[in-house]
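What follows is a single structure, written as structure tokens, with notes after it.
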Amino acid sequence: RLNSLMRGWVPLSEPRRGVPEFTRWRPLLESPNAGGPLGGYGGDVAGGASSLLGGSEDPYLLLVSEVVLPPLRSAVTSQWQPRDPEPLLSWLEAWEGLLPGAALSHVLDMLVMPKLRQAVQEWEPRMETVPVHAWLHPWLPYLGVQLEEVYPGIRHKLSIALQMWHPSDGSALALLRPWHKVFSPGDWDNLLLKCILPKLAFALQQLVIDPTNQDMSPFLWVTAWQEVVPLQQMVSLLELHFFPKWHQVLHYWLQHSPNYDEVTRWYLGWKTYFPPALLDQERIRRQFTAALDAMNSAVEGKPVDASAGAAPFHSRWSTDAAAAGADSAAGAGAAARGAFGGAGMAPAPPAASELTLKDLVQRFAEEHSISFMPKFGRFHDGLQVYSFGGVSIVLENTQNVIRAQIRDRWAPVSLDTLLQQAATAK
């Protein structure tokens, strides 16, 4: 009966065919001590069950080896593309609980890993639009440390691709961020030290501190990385390449009859651009405390000297102010409103957003006691894949469309239809 049911089966197009039947037969056929290795199965489907079992006599393992694995192997070797992991992952989700441990290991070690190795070898980050993590990370829950063998090649190719990168290009952060917690801390730090930190330092070196017309872009390019760059390394970057010239501008300003309200707004404005995690660092707090001390000294009429050993400070703003004389030095303080004074002092806080499509689906799931959660590392057309009661879905927020994976296609569905699909998937 099972042979008849599974005849002509295409696993990647019909991942759930046979699942109810195998669910009923497994407890009846499987031996308590089943699960030994499948033996030296080298890929000859024609070899039959004997080449798969490696001497095991378990009836259920025999059934899986004869009925399930041969069509799966044929589909994986001839149809499945690693850059589109969803079809095989959908099959694995449906069958994982029905495969003996030896059969599952065989699928992952002998079918999936060889295809992934080849795909990583062929991957070219400068030419492809789909990042490698989008099709490799979905396998982390299944393969785990086995994937580490392909990581050195990935890091090497990333290093080459980043040689011509400029910090103004945010695509590098989008490409590297998913690897932050996947690579070992040592490998991650080495990649940053080699490819990222020197260019972030260069961006800060090019930053001009100009209270009359401040361009924040280079600073924002750098702080965008603060979540993935170790905090102490980010603090060191700022100490070496930002704060010395920032203090020089402040000291110059304080020495030329400033409007102290404007200096205060400028100081507070800069602080708003520092992420909280950086402001919490003692070394960063010391920099801002030193600036406050200089401001207080100026208010009290005490001399304000440049930092010991600091290089002479020159900028368009300081040069123009000096050329215009003492009167324009005071005027330079008034001109500072353009950078941080008044309405331009700090970025406006984001407005409270309306409910997103994800929020609506989340509420709908809670109302019907259905699990709704993201699938780790799973994406379709660049969108996060979620599990809604066992049904894979993506959310197109711009068009307010829910797409569910139904057999081998992603189709738009309503919430009611999604509820019916979830009930069927149980």
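Of all residues in region 131-183, those that are over 22 Å from Pro218 (Cβ atoms), among the polar types (S, T, N, Q) and open to solvent by 60 Å² or more (accessible area, probe 1.4 Å) total 1.
Selection of first residues in region 149-170 that are without any contact (Cβ under 8 Å) to a residue 60 or more places away in the chain and of a type in the set (Lys, Arg) and of second residues that are in a helix (DSSP H, G or I) and surrounded by fewer than 16 Cβ atoms within 10 Å (Cβ to Cβ), restricted to Cβ pairs under 7 Å at least 6 apart or on distinct chains, gives the following pairs, ordered by first then second residue: Arg155/Asp187. The residues listed here are Gly342, Gly301; of these, the one that is open to solvent by 20 Å² or more (accessible area, probe 1.4 Å), modelled with pLDDT of 60 or more and on the phi > 0 side of the Ramachandran plot is Gly301. Do we have Val413 as touching a strand residue (DSSP E or B) at 6+ places or on another chain (Cβ under 9 Å) and under 19 Å from Trp91 (Cα atoms) here? When the stated conditions are applied, Val413 does not pass them. May I ask you to verify whether Leu98 is among the hydrophobic types (A, V, I, L, M, F, W, C), within 27 Å of Arg24 (Cα to Cα) and in contact with a Leu (Cβ under 8 Å, 6 or more places away or on another chain)? In short, no. Of the conditions (1) surrounded by 16 or more Cβ atoms within 10 Å (Cβ to Cβ); (2) farther than 28 Å from Ala75 by Cβ, Ala103 satisfies every one except a single condition; which number is it? The failed condition is (2). Looking only at region 241-250, residues that are in a helix (DSSP H, G or I) and either under 28 Å from the mean Cα position of the chain (by Cα) or not hydrophobic (A, V, I, L, M, F, W, C) (or both) come to 5 in all. Residues that are free of Cβ contacts under 8 Å to residues at least 24 places away in the same chain and under 21 Å from Leu143 (Cα atoms) within region 374-409 comprise Pro374, Gln384, Ser387, listed in sequence order. Taking region 57-84 as the range and being more than 33 Å from the chain's Cα centre (by Cα), open to solvent by 20 Å² or more (accessible area, probe 1.4 Å) and not hydrophobic (A, V, I, L, M, F, W, C) as the test, the residues that pass are Glu57, Pro59, Glu66, Pro70, Pro71, Ser74.
Residue pairs whose Cβ atoms lie under 6 Å apart, sitting 6 or more positions apart in sequence or on different chains, and linking a residue in region 412-426 that is of a type in the set (A, V, I, L, M, F, W, C) to a partner that is in a helix (DSSP H, G or I), are Leu415/Phe364. Can you tell me which residue within region 85-100, out of those that are touching a residue at least 60 places away in the same chain (Cβ under 8 Å) and not in a helix (DSSP H, G or I), is surrounded by the most Cβ atoms within 10 Å (Cβ to Cβ)? Per the stated criteria, the residue is Pro85.
Glu124 meets all of the listed conditions (1) within 20 Å of Val150 (Cβ to Cβ); (2) assigned to a helix (DSSP H, G or I) but one, namely (2). Open to solvent by 10 Å² or more (accessible area, probe 1.4 Å) and of a type in the set (Val, Ile, Thr) - does that describe any residue in region 260-280? Yes, the conditions are met somewhere in region 260-280. Within region 281-296, the set of residues being touching a His at 6+ places or on another chain (Cβ under 9 Å) and either outside any helix (DSSP H, G or I) or open to solvent by 20 Å² or more (accessible area, probe 1.4 Å) (or both) comprises Gln287, Ala290.
Applying the set (1) modelled with pLDDT of 95 or more; (2) within 21 Å of Arg73 (Cβ to Cβ); (3) out of contact with any helix residue (DSSP H, G or I) (no Cβ under 8 Å at 6 or more places or on another chain); (4) not aromatic (Phe, Trp, Tyr) to Ala119 leaves exactly one unmet item: (3). Taking residues in region 1-29 that are without any contact (Cβ under 8 Å) to a residue 60 or more places away in the chain, and partners anywhere that are among the aromatic types (Phe, Trp, Tyr) and open to solvent by less than 100 Å² (accessible area, probe 1.4 Å), the pairs with Cβ atoms closer than 8 Å and at least 6 places apart or on different chains are Arg17/Trp9; Gly18/Trp9; Trp25/Tyr60; Leu29/Tyr60. Region 145-203 holds helices (runs of 4 or more DSSP H) entirely within its bounds, and those carrying 2 or more residues that are among the basic types (Lys, Arg) map to 151-161.
The values are calculated or read from the model by the stated rules, or taken from the named source; none is laboratory data. Small disclaimer: the values here were computed from a predicted structure and weren't measured. In this analysis, Cβ positions are derived from the backbone assuming ideal geometry, glycine residues included, and neighbour counts consider all displayed protein chains. Only protein heavy atoms, including side chains, enter the accessible area calculation; ligands, DNA and RNA are left aside. Shrake-Rupley method; radii C 1.70, N 1.55, O 1.52, S 1.80 Å.
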